Amino acid sequence: MRHLKGGKRLGLDSSHRKAMLRNMVTSLLEHGRIRTTETRAKEVRRLADRVITLSKRVPHASLASLSGDALDEANARRVHAVRMARRWVDDRVVLEKIFSEYSDRYAQRPGGYTRVLKLGRRPGDLAAMALVGT
């Protein structure tokens, strides 16, 4: 039984699933939206929201106002958050975008940074399609 197991298996083995989700999260945060199946979209939304929350821990703008030990501590927290986000984002340019643009954009929002919009069915196999956007 899969009681208390997080996430969908998506019919893939774990390494393939993690690689696919990592690529999808990177593409979503790079381009702002991606088109995929509903089930995959819901998994990507879950991971992308976690990465954006990591970026909000140490906002880019707040580092300029600190000095001394407070600056060292904030830099250490920022490095840790970047390393945690690096698990799901493959591109350094996208990481910089997350920790500057996204952290400032969503600074006042408590959660729900991404939306899943249902698009209907795919013609080939009638899979439910969705658009994930930030």
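General observations
- Some residue of the stretch 61-68 being farther than 15 Å from N23 by Cα and in contact with a Ser or Thr (Cβ under 6 Å, 6 or more places away or on another chain): no
- Condition met for D69 (in contact (Cβ under 8 Å) with a residue 40 or more places away in the chain, over 29 Å from L10 (Cβ atoms), of a type in the set (D, E) and open to solvent by 40 Å² or more (accessible area, probe 1.4 Å)): no
- Residue pairs whose Cβ atoms lie under 8 Å apart, separated by 6 or more positions or on different chains, with the first residue in the stretch 99-127 and over 17 Å from A81 (Cα atoms) and the second assigned to a strand (DSSP E or B) and open to solvent by 90 Å² or more (accessible area, probe 1.4 Å), are L119/R35; A127/R121.
- Note on the stretch 1-17: residues that are assigned to a helix (DSSP H, G or I) and either basic (K, R) or under 17 Å from Y102 (Cα atoms) (or both) amount to 1.
- Residue within the stretch 106-124 that is farther than 20 Å from G7 by Cα, surrounded by 14 or more Cβ atoms within 10 Å (Cβ to Cβ) and either within 16 Å of the chain's Cα centre (by Cα) or modelled with pLDDT under 95 (or both) present: yes
- Subset of the stretch 114-127 [closer than 15 Å to H31 by Cβ and either among the hydroxyl-bearing types (S, T, Y) or assigned to a loop (DSSP other than H, G, I, E, B) (or both)]: T114
- From the options D90, D49, residue that is at pLDDT below 95, closer than 26 Å to S14 by Cα and either hydrophobic (A, V, I, L, M, F, W, C) or surrounded by 15 or more Cβ atoms within 10 Å (Cβ to Cβ) (or both): D90
- Flag if A130 is open to solvent by less than 30 Å² (accessible area, probe 1.4 Å) and either part of a loop (DSSP other than H, G, I, E, B) or within 24 Å of G6 (Cα to Cα) (or both): yes
- Selection status of R57, surrounded by 12 or more Cβ atoms within 10 Å (Cβ to Cβ), modelled with pLDDT under 90 and basic (K, R): yes
- Any hit, the stretch 26-43, residues being without any contact (Cβ under 8 Å) to a residue 12 or more places away in the chain and open to solvent by 80 Å² or more (accessible area, probe 1.4 Å): yes
The values are calculated or read from the model by the stated rules, or taken from the named source; none is laboratory data. Fair warning: this is a prediction, and the values are worked out from it, not measured in the lab. All Cβ positions, even for glycine, are placed from backbone atoms using ideal geometry, and neighbour counts span all protein chains on display. The protein model used for the area step is the full one, side chains on, heavy atoms only, and it has no ligands, DNA or RNA in it. Shrake-Rupley method; radii C 1.70, N 1.55, O 1.52, S 1.80 Å.
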